[in-house]
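All remarks here apply to the structure that follows.
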Amino acid sequence: MPEFEPRIVAFLCRWCAAAGADLAGTSRLQYPPNAIPIRVNCSGRVEPQWVVEALKAGADGVLIGGCHPGDCHYVVGNYKTRRRIYLLRRMLAEMGIEPERVRLEWISATEGARFAQVVSDFVAELKRLGPLHGNGGRG
Amino acid sequence: MKLAVYWTGSCGGCDVSFLELGMGLLEVLSRVEIVFWPALVDAKRRDLERLPARSVDVTLVNGVIRTAENKEMVEILREKSKFLGAYGACAHLGGIPALANQVNGVTEIVFGPGFRPGAPLGEAAEDAPPELLPEALSLDEVVPVDFVVPGCPPPAGLIARFFEAAFAEAISPGRIFAGEKALCEECPRTREDRRLTRIVRPHEVQPDPEKCLLDQGIICLGPVTRAGCGAACPKGGMPCTGCLGPTPKAGDPALAMLSALASLVRAGEEGESAFPEENKILDSLVDPIGTLYKYSFAKYGRPLLKLARKRQEVRA
């Protein structure tokens with residue numbers, strides 16, 4: 001059986017994490033291709049319903065990339081998202097879904113290498129957890 | 001108008017709620033012919049089975065679908081009815097009984113290991129309790145539902161609105177007899193703080209009678225719940241727990257409320273140093289599923305729960 005390749009939906013803030021992902025690309029950094037990036041205007045725009053929708057629709061994990069504390073383009077968007085994801089993870093755990101499947105990371109526009117590392121780590125962790133969907137998210 | 005009212009997994013409060021119409025009930029009763037209503041008139045399943053298909057104008061089902069018998073009965077009612085509606089929060093969204101879905105194998109826990117739902121008790125096989133379904137379901141998971149009269153139980157104003165539409169033969173398919181806007185729109189309490197510095201349960205405080213309950217740290221689901229009851233609970237000093245179901249805009253009421261709640265939490269100046277205190281406030285939300293999905297767990301929690309169950313099976 002081929003190795004399980006997790007599917008990740010990555011919501012990336014355009015001011016930091018998405019730019020960091022671009023930098024990882026233009027720097028020709030090597031990292032696993034498992035994350036499907038969705039650029040959003042702010043990590044604070046990411047609604048818990050989107051995260052859950054992604055999990056329901058076949059993702060094995062969801063990554064939210066936001067600005068480092070103090071750097072939010074909209075001042076407090078990343079703080080709101082931090083609190084939301086904190087509570088969402090608690091609720092997922094109570095339902096029996098590993099909270100590690102939802103990951104919030106601070107990645108600045110200059111941190112291309114960090115973006116690559118975060119994706120690599122997340123893929124490794126999801127491989128350890130196994131597929132969320134019985135069929136490995138395919139179908 | 002030929003009317004049927006049936007209860008499935010129900011507390012009986014929905015059947016009683018019609019009395020809320022007061023004198024209006026007399027007019028309703030003068031205009032309906034009750035063909036089946038176990039709480040009110042004696043009729044058995046075989047009487048219902050004898051009715052021709054689509055001979056009942058309107059059927060109201062209250063309660064959650066919990067047993068095989070519940071399922072069979074609503075399937076018969078569906079066949080006999082022109083219009084079939086979910087009446088009350090349980091039929092609409094699963095209601096409080098559906099919170100049991102959180103626990104896998106609930107019958108084993110309650111009745112002991114080896115319990116088989118539907119197993120005959122002694123010799124009297126025909127007296128066997130009906131088989132329990134693996135999970136509690138909202139009505140629309142079992143049969144197509146034409147309309148909803150929501151609430152726990154439905155408030156008088158909405159019941160009246162429903163009968164008005166029914167008598168005028170103007171029940172549009174898919175209609176939910178409640179407001180589209182949030183409950184806050186009809187709540188007389190005033191909103192000031194817009195920040196949550198603590199979370200408390202209703203019994204822990206004596207709330208200020210004028211101020212928004214959410215501002216006072218009491219989890220009130222008004223922002224994500226349909227208007228239509230005149231904000232009866234907040235007026236009485238109790239928070240809205242979401243019985244009328246989510247507004248069309250809210251979507252999943254628990255996740256929408258979780259989002260709103262987390263935005264409001266503050267522990268002093270926002271910033272990295274406040275994170276531990278913010279977490280403490282968020283941790284003090286007792287039973288997030290039971291609080292935020294109080295009535296809607298069967299409907300909205302189901303897809304995630306299914307995933308979790310599958311994971312459990314894979315791991316086992």
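Readers should treat all values here as calculations from the given coordinates under stated rules, not as data from a laboratory. Computed from a predicted structure; not experimentally measured. Reconstructed Cβ throughout: ideal geometry from the backbone, glycine too, with neighbour counts over all protein chains shown.
Residues within the reach of a label modelled at B:Val16 (point 7 angstrom out along Cα to beta-carbon, backbone nitrogen below 13 Å), restricted to region B:163-205: there are none.
My understanding is that a pair violates if its Cα-Cα distance is over 20 Å; which of B:Lys249/B:Lys299; B:Lys280/B:Lys306; B:Lys82/B:Lys249; B:Lys44/B:Lys80 do that in this structure? Display every interim value, and only then the final one.
Numbers: B:Lys249/B:Lys299 16 Å; B:Lys280/B:Lys306 30 Å; B:Lys82/B:Lys249 30 Å; B:Lys44/B:Lys80 15 Å.
Listed pairs above 20 Å: B:Lys280/B:Lys306; B:Lys82/B:Lys249.
Greater than 30 Å separation of Cα atoms is the criterion. Which listed pairs, B:Lys211/B:Lys294; A:Lys56/B:Lys211; B:Lys2/B:Lys71, meet it? Exceeds cut-off: A:Lys56/B:Lys211.
Think of the protein assembly as shown as having a plus end and a minus end, set by charges on the Cβ of Lys, Arg, Asp and Glu; of B:Val56, B:Val148, B:Thr197, B:Thr197 sits farthest toward the positive end of this dipole. Mean residue ellipticity, 222 nm, helices only, the protein assembly as shown: the sum of -39500 (n - 2.57) across DSSP H runs of n ≥ 4, divided by residue count and rounded to 500, is -10000 deg cm²/dmol. Quick note on region B:202-270: its Rg to Rh ratio, both from C-alpha atoms and Rh being the Kirkwood radius, is 0.98. Note on A:Lys127: aspartates and glutamates with a C-alpha under 12 Å away, same-chain residues under 8 apart excluded, are A:Glu3, A:Glu5, A:Asp60, A:Glu100. Take every pair of alpha-carbon atoms less than 8 Å apart whose residues are at least six positions apart; their mean separation over the length of region A:1-56 yields a relative contact order of 48 percent.
Measuring max minus min along each principal axis, the C-alpha atoms of region B:2-176 give extents of 53, 34, 28 Å (largest first). Amide hydrogen proximity for A:Ile38: with H placed 1.01 Å from N in the peptide plane, the residues at 5 or more positions away or on another chain lying under 5 Å are A:Ala10, A:Phe11, A:Leu12.
In debye to the nearest 20, how big a dipole does the protein assembly as shown give about its Cα centre with +1 on each Lys and Arg Cβ and -1 on each Asp and Glu Cβ?
Details: 54 positive and 55 negative charges, 184 e Å.
Computed charge dipole of the protein assembly as shown: roughly 880 debye.
Proximity of backbone amide H atoms, modeled 1.01 Å from N, is registered between B:Val265 and B:Leu196 at under 5 Å, excluding neighbours fewer than 5 places apart on the same chain.
Under a Cβ-only charge scheme (Lys and Arg +1, Asp and Glu -1), can you give me the dipole magnitude of chain B about the Cα centre, in debye to the nearest 20?
Computed charge dipole of chain B: roughly 460 debye.
Taking Cβ separations below 4.7 Å as the criterion for a possible disulfide partner, the isolated cysteines in chain B are B:Cys11, B:Cys14, B:Cys90, B:Cys184, B:Cys187, B:Cys212, B:Cys220, B:Cys229, B:Cys233, B:Cys240.
Using a cutoff of 8 angstrom between alpha carbon atoms and counting only pairs six or more residues apart, the relative contact order for region B:2-176 works out to 26 percent.
Each listed q (0.07 Å⁻¹) maps to a log10 I(q)/I(0) for the protein assembly as shown from the Debye sum over equal C-alpha point scatterers, namely -0.44.
Using 0.36 nm per residue, how much length does the chain from B:Arg31 to B:Thr190 gain when fully extended, once their Cα-Cα distance is taken away? Before the final figure, lay out the partial values.
Numbers: separation 159, 0.36 × 159 = 57.24 nm, distance 4.21 nm.
Here the segment from B:Arg31 to B:Thr190 would lengthen by 53.0 nm.
Charge dipole (Cα centre; +1 on Lys/Arg Cβ, -1 on Asp/Glu Cβ; no other charges) of region B:2-176 amounts to roughly 340 debye. Annotation: extensible slack from B:Phe167 through B:Glu180 equals 2.4 nm (criterion: 0.36 nm per residue apart, minus Cα-Cα distance). Positive-end ranking of B:Pro303, A:Leu23, B:Val5 along the dipole of the protein assembly as shown, with charges on Cβ about the Cα centre, is headed by A:Leu23. For the residues B:Pro303, B:Pro38, B:Pro130, a GNM of chain B with alpha-carbon springs under 10 Å puts the largest fluctuation on B:Pro303. Working from Cα pairs under 8 Å separated by at least six residues, relative contact order for chain B is 17 percent.
For region B:183-308, rounded, prolate or oblate, judged on the Cα gyration tensor with a ≥ b ≥ c (square roots of eigenvalues), a/c < 1.5 rounded, else prolate if a/b > b/c?
On the way: a/c = 1.80, a/b = 1.07, b/c = 1.69.
Oblate shape, in that a/c is at least 1.5 and b/c is the bigger or equal ratio.
In plain terms, the chain from B:Val110 to B:Glu269 could stretch by 52.5 nm, reckoned as 0.36 nm per residue minus the Cα-Cα distance. The loop-placed GluC sites (Glu not before Pro) in region B:156-252, going by DSSP, that have at most 14 neighbouring Cβ atoms within 10 Å of their Cβ come out as B:Glu169, B:Glu180, B:Glu192, B:Glu210. On the basis of the beta-carbon distance and an R0 of 22 Å, A:Ser120 and A:Ile36 show a calculated FRET efficiency of 0.90.
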